[in-house]
Amino acid sequence: MTRFETSHTDDTHVVLGKLTSPHGIKGWLKVYSYTSPMDNILDYPEWWVRKGETLMPVTIVQGHRQGKGLVVQLKGVDDRDAAEALAQTDIVLPKDALPELPADEYYWHELEGMTVFTQAGERLGRVSYLFETGANDVMVVRGDSESIDKRERLLPFLPDDVIIEISSQEGRMVVDWDPEF
């Protein structure tokens with residue numbers, strides 16, 4: 001499964017990461033990437049940067065790993081002041097610019113919001129978000145007003161084991177999971 005670990009998506013864009021702070025005096029910026037692996041964010045030479053409600057296109061001149069993170073140089077960002085102006089902004093991409101995946105793979109943002117049912121038809125809630133662990137990815141499913149209870153459940157994202165069926169068109173997922181667990 002290809003991952004974009006997002007918590008802030010809208011109908012047209014997905015958040016790939018964040019420009020966190022300036023790096024040096026020549027306009028470079030540190031990047032926190034939500035992609036897995038983290039340097040996949042550099043595969044997109046053009047980003048949109050979102051600050052509040054404003055979207056601005058930016059072009060990567062160059063980028064690379066720096067220590068445990070990433071740094072980028074953006075076109076037209078030539079000094080520390082210009083980099084500071086972009087610090088703490090989201091890096092977004094139009095959803096339609098993402099590569100098409102095979103039928104059995106999903107971006108995380110496609111799973112978020114799906115309604116989750118047991119094989120017996122019991123509604124557990126909706127996928128709130130996903131996160132990565134060492135062993136496997138985990139879905140956070142939160143009960144809602146129509147589910148069997150208001151509990152929050154952590155379900156391992158294990159296709160063909162826990163995840164039995166995903167219907168993108170219907171926005172629903174069927175899981176092999178005991179609601180008491």
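Before moving on, here are some points about what is shown:
- Scan the range 150-181 for residues that are touching a Phe, Trp or Tyr at 6+ places or on another chain (Cβ under 8 Å) and in contact (Cβ under 8 Å) with a residue 24 or more places away in the chain and the total you get is 8.
- Against the numbered list (1) within 30 Å of GLY143 (Cβ to Cβ); (2) of a type in the set (Gly, Ala, Ser); (3) not in a strand (DSSP E or B), GLY125 comes up short only at (3).
- Check on SER147, of a type in the set (Gly, Ala, Ser), surrounded by 16 or more Cβ atoms within 10 Å (Cβ to Cβ) and either touching a residue at least 12 places away in the same chain (Cβ under 8 Å) or not assigned by TED's automatic domain parsing to the domain that holds ILE164 (or both): yes
- Every residue from the range 9-35 that is polar (S, T, N, Q) and modelled with pLDDT of 90 or more: THR20, SER21, SER33
- Failed condition for VAL77, given (1) modelled with pLDDT of 95 or more; (2) out of contact with any His (no Cβ under 7 Å at 6 or more places or on another chain); (3) not in a loop (DSSP other than H, G, I, E, B): (3)
- Residue match in the range 112-134 (condition: at pLDDT 95 or above, among the polar types (S, T, N, Q) and under 22 Å from VAL14 (Cβ atoms)): yes
- Selection within the range 70-86 - more than 21 Å from PRO37 (Cα to Cα) and in contact with a Leu (Cβ under 6 Å, 6 or more places away or on another chain): ALA83, LEU86
- Residue within the range 153-164 that is at positive phi, surrounded by fewer than 12 Cβ atoms within 10 Å (Cβ to Cβ) and not hydroxyl-bearing (Ser, Thr, Tyr) present: yes
- Given (1) within 21 Å of HIS109 (Cβ to Cβ); (2) touching a residue at least 24 places away in the same chain (Cβ under 8 Å); (3) among the charged types (D, E, K, R), index of the condition GLU46 fails: (2)
- Just one of the listed residues (MET1, MET38) is modelled with pLDDT under 90 and within 30 Å of ALA135 (Cα to Cα), and it is MET1.
- Contacts under 8 angstrom Cβ, first residue in the range 68-88 being among the basic types (Lys, Arg), partner in a loop (DSSP other than H, G, I, E, B), 6 or more apart: ARG80/GLY24; ARG80/ILE25; ARG80/LYS26; ARG80/GLY27
- Scanning the range 95-114 for residues that are buried (at least 18 other Cβ atoms within 10 Å of the Cβ), of a type in the set (A, V, I, L, M, F, W, C) and in a helix (DSSP H, G or I) returns TRP108, LEU111.
The values are calculated or read from the model by the stated rules, or taken from the named source; none is laboratory data. Just so it is clear, the model here is predicted, and its values are computed rather than measured. Here the Cβ is made from the backbone with ideal geometry for all residues, glycine too, and neighbour counts use every protein chain on show.
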